[in-house]
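The values are calculated or read from the model by the stated rules, or taken from the named source; none is laboratory data. Values in this document were obtained by computation on a predicted structure and should not be read as measured data. Glycine also receives a Cβ, built like all others from the backbone with ideal geometry; neighbour counts cover every protein chain displayed.
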């Protein structure tokens, strides 16, 4: 009986020693653009759209600039079901059909072009970019990376002009609100 207890104790001690020797493997970090895409998906759920906004009864049309580094991670969200039962439909931004977009993710040349267009601030359309300077031309939410974290700034005045109400919970998380 004593030998059985000793054997059991030795096996347990060896198992513990092996567990301590093998380093814990951390999950690989999520890529910056994948994380930004996840933020955008969550932003949708913290914005109240007017009843008569573009695509109000259909699935969510999320349009992304071909110039954006978020194209691939956002396309991975295509078909994702939202809590309200609707699905996200991701497509490349086409200025000719921009009025069908509920969410518009802009970058580079599209930002420069749209600064001259009346599209920014269009009723019921949330505009985002991962270029913080975009807030100055009327983009509503700008994402950035800061010391390994994703942060965002909100142009709440631009959202209000478009008839959108951004949740106070989301505004509290923003780095800055204008």
Tally of residues being assigned to a strand (DSSP E or B) and in contact (Cβ under 8 Å) with a residue 40 or more places away in the chain across the range 144-178: 5
Subset tally (residues that are modelled with pLDDT of 85 or more, exposed (fewer than 15 other Cβ atoms within 10 Å of the Cβ) and within 13 Å of residue 68 (Cα to Cα)) for the range 84-115: 1
